[in-house]
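One structure is given here, and the rest of the page talks about it.
Bear in mind these aren't lab numbers, they're just calculated from the coordinates by the rules spelled out. This structure is a prediction, so every number in the text was calculated from the model and none was measured. Glycine gets a Cβ as well: all are built from the backbone with ideal geometry, and neighbour counts include every protein chain shown.
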Amino acid sequence: MKSIELARALAAAMSLRLPGTAGKIANKMRYIDSKAPLFVRGGIIRSVESRRFDRVYAVGVSSKSRSMPALGGILYGAAALRHDIVVSGNQVTEGFQDSRVDINDMNFLDASERLAWKEYILVYQLLTDLLDSDTKPDVIFVDIPLLVPRAEQSLSLAEPDVEEEWHELIEVMEAFWQRFLPSIYPNDPNGPFLVSLQSRRDLNAAVLNALREKGPAGSPEAIGSEAMDLVQGEWVQLRRVGVLRFLRGALRAGHRTAAYYYEALGRQMKRFEPRTVANHGLIGFHIQVGLRTPIWKIETVGAPGQWDSEALDRLASITAFLTLNDNPRMKPLPLWYAEQLVMMPREVLSNYLRSTLGMLKDRAVDRAWLEGVDTMDEE
């Protein structure tokens, strides 16, 4: 059965609205093209220097999880993998590799958020082992945010199981940062960069929001007065165009945005976890390395006054140097390796479920418990 009237209405609506839609988008693109040079001159958009480094020891840490309904709840598996590389001249040497895995069951309460917590814990365990070692890398890339977003903080914390898992996550994160924050750049000038690189989640034009809220104090880098006046004076027009569309239109290959302080984005940042990092401070910027690579958001630790343009340029150049191919799926090489190698196959959960059902059917757990009781009686 076909709806001829609906088809006619759709065709008519498309014919009537298409010129207007195309015209509005064209006007917005012309506005972006006219203002983009001002952003470049004013320092909001900056070029990334193409540098060659004699030797870079880099580490990537990535995580994945999977779940399936089972036994009236959810059976989940989470995995995190660390991959080390050393780039010397034109030679890439793969080094140490480590991993952590967690397989168990949970109830249905906020399962997606709790799965993310499991991944965070595994990543922090790998980072702890890494920074406990004698040899420290130059840069560490992770694909999780350094602050747990409010969207991933469960609404069911009053439930005992959820509250216990949340406190476990907070304890792991706080223990890591309280111990290692002083040894990470810029707190330790010789320490490694610890960088969160994200390409899908939380991609926004945060630098423009920070400059609008705090003015020049929203960035550790010098911003021209003309560009600052544009952001603050034409904010309504920027919102109408779309600040994210403006970012995508103004940012080109081999460029990055000026860095911004997270605290300039609003007081709610102080309520994120872990508190040690939220209170210390974070900075971030967006970068596009190649023509086909997506825009990445880079975030790392840093309080006001700790970063300058020279250090930020070095971090951006290292990121570009480690991105060997101009490909939409490419990342800095150690993180790309980690993302390709980490996995949690569904077959693992299926086999785990079958084994669990087998033990329940054979009452192996009951027998083991009863054997323990018999031993206690004999004693």
*Which value, in debye to the nearest 20, describes the size of the charge dipole of region 218-298 about its Cα centre when Lys and Arg Cβ atoms bear +1, Asp and Glu Cβ atoms bear -1, and nothing else is charged?*
420 debye
*List the aspartates and glutamates whose Cα lies under 14 Å from the Cα of Lys35, skipping any in the same chain that are fewer than 8 positions away.*
Glu226, Asp229, Glu234
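Going by the alpha-carbon gyration tensor, a ≥ b ≥ c the square roots of its eigenvalues, is region 1-86 rounded (a/c under 1.5) or, if a/c is not under 1.5, prolate (a/b greater than b/c) versus oblate?
On the way: a/c = 4.36, a/b = 1.18, b/c = 3.68.
In terms of gyration-tensor shape, oblate.
In what sequence, highest mean first, do 84-93, 19-28 appear when ranked by Cβ atoms within 10 angstrom? Don't jump to the answer; show the numbers that get you there.
Details: 84-93: 14.1, 19-28: 11.1.
Highest to lowest by the protection proxy: 84-93, 19-28.
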*Across region 133-146, in residue order, what do the Karplus-derived ³J(HN,Hα) couplings come to in whole Hz, using 6.51 cos²θ - 1.76 cosθ + 1.60 with θ = phi - 60° and x for Gly and Pro?*
6, 6, 9, 9, x, 7, 8, 10, 10, 10, 10, 10, x, 6
*asked:* Quick check: residue separation of Leu16 and Val101 times 0.36 nm, minus the Cα distance between them. What number comes out in nm?
replied: 25.0 nm
*asked:* Check which residues have an amide H placed less than 5 Å from Ser99's amide H, if you skip close sequence neighbours.
replied: Arg82
*asked:* Along the Cα→Cβ direction, 7 angstrom out, place labels at Glu213 and His280. What is the inter-label distance in nm?
replied: 2.1 nm
*Helical contribution to [θ] at 222 nm, DSSP H n ≥ 4, -39,500 (n - 2.57), averaged over the chain, rounded to 500*: -15000 deg cm²/dmol
_Whole-Hz couplings from phi, Karplus 6.51/-1.76/1.60, listed for region 98-115; x for Gly and Pro_ = 9, 8, 9, 9, 9, 10, 6, 10, 8, 7, 7, 5, 6, 4, 5, 5, 5, 5
*Please report the Cα spread of the chain along all three principal axes, rounded to whole Å, starting with the longest.*
87, 70, 43
*Near Lys214, which lysines are there with a Cα under 17 Å away, not counting those fewer than 8 places off in the same chain?*
Lys270
*Amide H partners (placed H, <5 Å) of Ile144, local residues excluded*: Leu197
_How would region 198-316 be classified by its alpha-carbon gyration tensor: rounded, prolate or oblate, with rounded meaning a/c under 1.5 and the a/b versus b/c comparison settling the rest?_
rounded
*Give a residue-ordered list of calculated ³J(HN,Hα) values for region 182-195 (Karplus: 6.51 cos²θ - 1.76 cosθ + 1.60, θ = phi - 60°; whole Hz; x for Gly, Pro).*
x, 9, 9, 4, x, 4, 10, x, 9, x, x, 6, 10, 10
*May I ask you to list the lysines whose Cα is less than 26 Å away from that of Lys64, ignoring any residue fewer than eight positions away on the same chain?*
Lys118, Lys136, Lys297, Lys331
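Assuming a ≥ b ≥ c are the square roots of the Cα gyration tensor eigenvalues, decide whether region 314-357 counts as rounded (a/c under 1.5), prolate (otherwise, with a/b larger than b/c) or oblate. Let's see the in-between values first.
Working: a/c = 6.76, a/b = 3.78, b/c = 1.79.
Note, shape of region 314-357 comes out prolate.
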*Mind checking the full-extension length gain between Thr128 and Arg8? Use 0.36 nm per residue of separation minus the Cα-Cα distance, one decimal, nm.*
37.0 nm
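Provide Rg over Rh for region 26-75; use the alpha carbon set for both Rg and the Kirkwood Rh (inverse mean inverse pair distance). Please report the intermediate quantities before stating the final value.
Numbers: Rg = 23.6 Å, Rh = 17.0 Å.
In region 26-75, Rg relative to Rh is 1.39.
For a quick protection proxy, order the peptides 320-332, 46-58 by their average other-Cβ count within 10 Å, most packed first. Please list the in-between numbers first.
Details: 320-332: 16.9, 46-58: 14.5.
Put in order of decreasing packing, that is 320-332, 46-58.
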_Debye log10 I(q)/I(0) for region 22-171, one point scatterer per Cα, at q = 0.19 Å⁻¹_ = -1.07
